[in-house]
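This report refers to the structure that appears directly beneath it.
Laboratory data are not the source of any read-out in this text; all were calculated from the coordinates shown. Remember, predicted model here, so these are calculated numbers, not experimental data. Ideal geometry is used to build each Cβ from the backbone, glycine not excepted, and the neighbour counts take in all protein chains shown.
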Amino acid sequence: MKILKLIFKNALRHKLRAFLTIVGIAIAVMAFGLLQTVVTAWNAGVEAAAADRLITRQAVSFIFPLPYAYKDQISKLPEVKNVTFFNWFGGVYIDKNQFFARMACDPETLFDVYPEFVVTPAEREAFLKERNSCVIGADLAKMYKLKVGDIMELEGDIYPGQWQFVVRAIYQPRDKTVDATGMYFHWQYLDERIRQVSPERAGNIGWFAVQIKDARQSAAVSERIDALFQNSRAETKTETERAFQQGFVASSGAIITSLNVMSFVIIGIIMLVLGNTMIMSARERTREYAVLKTLGFTGGHLSAFVAGESLIISFLGAGLGLAIVYPVVAMFSILVPKGWFPVFNLAPSTVILAASSAILVGVLASIIPLRRALKTRIVDGLRFIG
Amino acid sequence: MPTAISVENVYKSYMRDKLEVPVLNNVSLTIQEGEFIALMGPSGSGKTTLLNIIAGIDRPTRGRVLVQGTDIATLSEATLAKWRSRHVGFIFQFYNLIPVLTAYENVELPLMLTPLNKAQRKDQVERALAMVGLADRMKHYPKQLSGGQEQRVAIARAIASDPDILVADEPTGDLDKRSADDIMTLLERLNQELGKTIVMVTHDPAAAERAGTVRHLEKGDLLPEEKMR
C-alpha cells in the first residue's frame, strides 16, 4: 500500500458527498472557463493586433471620415511600408439580426497589410479584377453556406440602396485569434456610386491601417503622420492597432470587469464548497487522525493526508470541469450570433488559470481542517465521538 | 529481569474551567521486561491517563517516565512519534481500524513508517495476521469482520512492527465473553511466547486475572501490588 492509495481511498470514502463536491467544482470550473472565454473573446481584437500596424483616424471621432487623398501622403513617409484603408459600410444582409463586419477596403493593399487573411493567389486575382466582388471570411462562408461565385445582396443604411456583391475569395484565418467573419469589398465601387447620389460624401474613407517598417518606431511615426495633417480640415489621430482596439474594449470596461469579478467569485464559491467538504470530512475523522498519530504518523504525514485529499477532489472537479468546458464553449459559439464574438475559443491561458486556481483552492480548503487535525491532542482525538 | 518501564513520581493534572483537577498523584511504578500488568480501578481513577503517559501519547505534568532507559517526557513531538512507532504497539477498546483499508492494509499501516521494502512488509503483515489466526481474512474490510476479529486485526497491527511494549486500553471492553477470552489468550501468548511487555487497562476482573500482575488505582493513587501468578 502506498500513502497515495490511502489518500485516494479517503478522498472517495463518502461516495455521494465526494461526487456532489466534484460535480460542484466541475460546474464552477466550467462557468469560470466560459466567462473567461467571453472576456478573452471581447479582447480578441487587442490580442490579434499587429505590433507593426498603426491606425490613423479622424482626430475628433472615429465616426468622421478622412480624405482618401491622405493615403499618398502617408505612404511617402520613409518609415511606412504599406498603407491600406477601410470604410464601415453597415447595411443589412438577409435581416437586421445578421451581424458581421461589412467594410469597403483597398483590394490592392488589403492582403499586404493583413497577411493574417490567407487567400489563394487565384482568388486574390479574381477579387482584384472584378469591381463588385468581395472577399469573405471562412466562418462567414460556413455560417451562410456561401461559396465562391455566390451573390451577396445587401440593403444599405449608411449608404442607401441595393448593393450586390459577388463572392470571389474566401479567406482563411492564419490563427485562432483572427476574425474570420468579415466581409470586404472594393472601396472604389462604393465611392463611384456615392459620387452619383451624394457627391459631397465621395472621396472619403473611414480609417487608414499603416504598416510600418520598424514596430519600435510606432510612437515617432504616429507623431509624424499626425503632423502631416495638423491644421487641415480633417486632423488625424494615429495610434497603434492595439491601442485602437483597446479603445473599443475600454468602452465596455464595466461589463468586462463584471465578468472578471464574477469568474473569480466562482473560484471563491468552489473554495467554500470544497472547504466545507474537507471540514466535515476531517471532523468525522478526528479519531482516525489521533490513531494515525498514535501509530507514529507525524504532522507532515497528516498534512499530506488532508491536503492530498483536498487536492484530489479539486483536481477531479477541475478535470471534469475542463472536459465539459470545451463542448460548452463550442456550443456557445454556435448559439451566439457569430458577429458578436468573431473569435470564441478556450484560450490556453484560461485552462492554465482554471487548473492553477483548482490547485490553489485545494491547498486553501485544507488549511482549516489541517490546523484542527494538527492541534487536536491524541488523547482528545481518541475520545472523540463523531 | 531488566526494567522495561519506570514511572517516577508522576503527577498529572488537567485544567478545567481554570480549576486544576489532579488525575495522578505522584505515581511510581516499575514494570519489568516481559511482564504482563493489568491496571484496574473505577472510572476516573487515572488508569487510562497512566497508560497514555507510559505509551507516550500524553505527558506528565511532573515526574519522569523512563521506557527502556529513555525519558520519554523530554522528547519532542516528532521524536516521540518516531519512538512510539518503534517501541509501542497499541490496542484500543474500539479497535480503531481504518474502515477504508483491508485487514492486510490496516496491519501494514505502521510498517509504512519503517524502512522495510514491500516484500519485507508483506512478510511481516502475513506473519502478524497468521499469529492472530486471521491469515484467511487479509482482504476483508473491518465492516466484514466480527468484533473479535476486528480486535485481532488491531492486535496484529500492534505487533506487526515488533515493538517491545504493548499497551491495551480495555481490549475486551467491547467484546462478548467468548471473543474476550480469545483475545486474552492471544495476549497471553504474545507475552509468554514472544516475551512482549504488556500494560493493559481493564474493568474486567476475568481479563485482569490473566495478567501476571494487577495494580489498582483509586483517585489518582496507585495501590500496593497484587501478584496473580
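Quick notes
- Residues whose amide H lies under 5 Å from that of B:Thr30, counting only those 5 or more places away or on a different chain, are B:Val7; hydrogens are built 1.01 Å from N in the peptide plane.
- Working from label points 7 Å from Cα in the Cα-to-Cβ sense, the A:Ser303 to B:Thr70 distance is 2.3 nm.
- Taking the stretch A:53-195 and dividing mean pair separation by its residue count, relative contact order in percent (alpha carbons under 8 Å, at least six apart): 27
- When chain A is treated as a Gaussian network with alpha carbon springs shorter than 10 Å, the biggest mean-square fluctuation among A:Leu16, A:Leu311, A:Leu272 belongs to A:Leu16.
- Close amide H pairs (under 5 Å, H built 1.01 Å from N) link B:Leu223 with B:His216, B:Leu217, B:Glu218, residues at least 5 positions away or on another chain.
- Beta bridges per DSSP, both residues in the protein assembly as shown: antiparallel share near 70 percent.
- Long-range Cα-Cα pairs in chain B (distance over 29 Å), rounded percent: 26
- For the stretch A:9-109, dividing the convex hull volume of the Cα atoms by the residue count gives 228 Å³ per residue.
- Taken one residue at a time, the phi angles of the stretch B:202-219 give Karplus couplings (6.51, -1.76, 1.60, θ = phi - 60°) of 8, 9, 8, x, 5, 5, 4, 4, 7, 7, x, 10, 10, 10, 9, 10, 9, 6 Hz. Gly and Pro are set to x.
- Based on the convex hull around the alpha carbon atoms, the protein assembly as shown presents an average projected area of 40.1 nm².
- Relative contact order for chain B: 28 percent, from Cα pairs under 8 Å spaced at least 6 residues apart, divided by residue count.
- Label point distance in nm, B:Thr114-A:Ala234, each placed 7 Å from Cα along Cα→Cβ: 9.0
- Residue-by-residue Karplus 3J(HN,Hα) for the stretch A:188-200, coefficients 6.51, -1.76, 1.60, Hz, glycine and proline x: 5, 4, 5, 4, 4, 6, 5, 4, 6, 9, 9, x, 5
- Gyration tensor (alpha-carbon) shape descriptor, the stretch A:65-233, a/c threshold 1.5: oblate
- Mean residue ellipticity (222 nm) of chain A, computed from DSSP H runs ≥ 4 via -39,500 (n - 2.57), nearest 500: -17500 deg cm²/dmol
- Chain lengthening between A:Asp175 and A:Ala215 when straightened (0.36 nm per residue, less Cα-Cα): 12.3 nm
- Highest GNM mean-square fluctuation among B:Arg178, B:Arg64, B:Arg189, for chain B modelled with Cα contacts below 10 Å: B:Arg178.
- Histogrammed with a bin width of 5 Å, the alpha carbon distances of the stretch A:176-308 distribute as 2, 7, 8, 9, 9, 10, 8, 6, 5, 5, 5, 5, 5, 5, 4, 3, 2, 1, 0, 0 percent, first bin at zero.
- With a Förster radius of 51 Å applied to the beta-carbon distance between B:Asp221 and A:Lys15, the computed FRET efficiency rounds to 0.50.
- Rounded to the nearest 10 degrees, the angle from helix A:286-295 to the longest Cα principal axis of chain A is 70 degrees.
- Think of chain B as a dipole: +1 on every Lys or Arg Cβ, -1 on every Asp or Glu Cβ, centred on the Cα centre; then among B:Ala55, B:Leu29, B:Leu194, B:Ala55 lies furthest on the positive end.
- Within the listed set A:Ala354, A:Ala330, A:Ala138, the residue fluctuating most in the Gaussian network model of chain A (springs between alpha-carbon atoms under 10 angstrom) is A:Ala330.
- Taking 27 Å as the limit for the C-alpha separation, the pairs B:Lys12/B:Lys143; A:Lys142/A:Lys213; A:Lys15/B:Lys122; A:Lys96/A:Lys147; A:Lys375/B:Lys118; B:Lys82/B:Lys177 exceed it in the case of B:Lys12/B:Lys143; A:Lys142/A:Lys213; A:Lys15/B:Lys122; A:Lys375/B:Lys118; B:Lys82/B:Lys177.
- Whole-angstrom gap from the stretch B:121-136 to the stretch B:183-207, using each part's C-alpha centre: 19
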